[in-house]
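Reading through the structure tokens given below for one structure.
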Amino acid sequence: MLSSTPLEARLDERARRFLASAPAGRIRPKLTEFVVFGLKQAWACIFGAALLAVLMAARLWYPDGAGLARNDFLTLAAVVIQILMIVFRLETLKELRVIILFHLVGTVMELFKTDAGSWSYEAEGFLRVGAVPLFSGFMYAAVGSYMVRVYRLFDLRFAHYPRRWVTAAVAAAIYVNFFSHHYIWDARWVLLAAVVVVFGRCVMHFRVFRKHHRMPLLVAFLLVALFIWVAENIATWSGAWLYPGQVDGWEPVGLEKLVAWFLLMIISVVLVAWVYKPQPPGEETPDGSDAAKHPNPAATSKLAE
């Protein structure tokens, strides 16, 4: 199980002292669960939200004649955000290793896709590899940051999780197809069917505050993919990168990209699950709480025990 950071533990302890007094069986506990769910999701997105805010600010206010190219500024800003995440213990060093893995996997894809003309960046700055500015890898790292933080913030457990070697094989095929479909038949629909078969029985168990909740893992994949698609629209509007259809004027990213993001979610989950082995849910009491682990919500000081 992933432990919370020191800051999260302190915040959670204070929150529990306040929230544990909520009477059972009324509106307040349900509202509490909803609010805490939103706050935890926002906390999990902190890296990506900070990076997206910088992208938007650079689009609105970065001067055209600045001595430092905008792409280089974005790269340096992303590095600073990552350093601050570690210095203020918002991420652990173990999580950083997973995030770096996302960074590397994403950068390799970026190098190929820009060369193939799938999307493009402004040709400016020195902090780049070929046509790819180095800040692009941090956008994949933001997904990795979200994944590892959600894993521990919500104490994720999985019923009927597939064998990891099977999920790794599916993820590898998806990653290869992102490259190979430029030269041979695009197998994304076959891979999508494979994902449904492999993960169809898997149910994600997660804890918000007092209660445990369940959601089919495929639904979770789709919801996160939809969220990333919305962020992608903001990022392309900010000029971070452009698809061919946006070069002559920005337009919303097509919904067909949802399939690509959905498949990318499989790669993301497999990367995290390969480092942090998915655990099955424990025994739960009738009210949805895990009595064996959380006999008294006020007595624990971690977000994910």
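The values are calculated or read from the model by the stated rules, or taken from the named source; none is laboratory data. All figures in this text were calculated on a predicted structure; none of them were measured in a lab. Reconstructed Cβ throughout: ideal geometry from the backbone, glycine too, with neighbour counts over all protein chains shown. Ligands, DNA and RNA are stripped out before the accessible areas are found, and what is left, the full protein with its side chains, is counted by its heavy atoms. Shrake-Rupley method; radii C 1.70, N 1.55, O 1.52, S 1.80 Å.
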Only one of VAL203, VAL198, VAL275 is touching a strand residue (DSSP E or B) at 6+ places or on another chain (Cβ under 6 Å) and among the β-branched types (Val, Ile, Thr); which? VAL203
Counting only residues that are free of Cβ contacts under 8 Å to residues at least 60 places away in the same chain and either acidic (Asp, Glu) or not in a helix (DSSP H, G or I) (or both), the range 96-137 contains a total of 13
Identify, by number, the condition in (1) assigned to a helix (DSSP H, G or I); (2) out of contact with any Asp or Glu (no Cβ under 8 Å at 6 or more places or on another chain) that GLU91 doesn't meet. (1)
Where a residue in the range 27-46 is over 16 Å from ARG17 (Cβ atoms) and its partner, wherever it lies, is polar (S, T, N, Q) and assigned to a helix (DSSP H, G or I), with Cβ under 9 Å and at least six apart: ALA44/SER145; CYS45/SER145; ILE46/SER145
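When the residues of the range 46-77 are narrowed to those that are in a loop (DSSP other than H, G, I, E, B) and not aromatic (Phe, Trp, Tyr), which ends up farthest from ILE99 (Cα to Cα)? Before you say what the answer is, go through the steps one by one.
Keep residues of the range 46-77 that are in a loop (DSSP other than H, G, I, E, B), which gives 62-69.
Subset that is not aromatic (Phe, Trp, Tyr): 63-69.
Values: PRO63: 31, ASP64: 32, GLY65: 34, ALA66: 31, GLY67: 31, LEU68: 27, ALA69: 26 Å.
So the residue we want is GLY65.
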Counting only residues that are free of Cβ contacts under 8 Å to residues at least 60 places away in the same chain and among the charged types (D, E, K, R), which one in the range 174-210 is nearest to VAL35 (Cα to Cα)? ARG201
Among the residues of the range 80-93, count how many are in contact (Cβ under 8 Å) with a residue 40 or more places away in the chain and open to solvent by 50 Å² or more (accessible area, probe 1.4 Å). 2
So the check is Cβ under 6 Å with 6+ separation or different chains; which pairs have a first residue in the range 216-237 that's closer than 21 Å to PHE158 by Cβ and a second one that's small (Gly, Ala, Ser)? none
Being crowded, with 21+ Cβ neighbours inside 10 Å and within 21 Å of the chain's Cα centre (by Cα) is the filter here; which residues of the range 109-132 pass it? GLU110
Which one of these is within 19 Å of LEU134 (Cβ to Cβ) and within 18 Å of the chain's Cα centre (by Cα): LEU104, LEU68, LEU76? LEU104
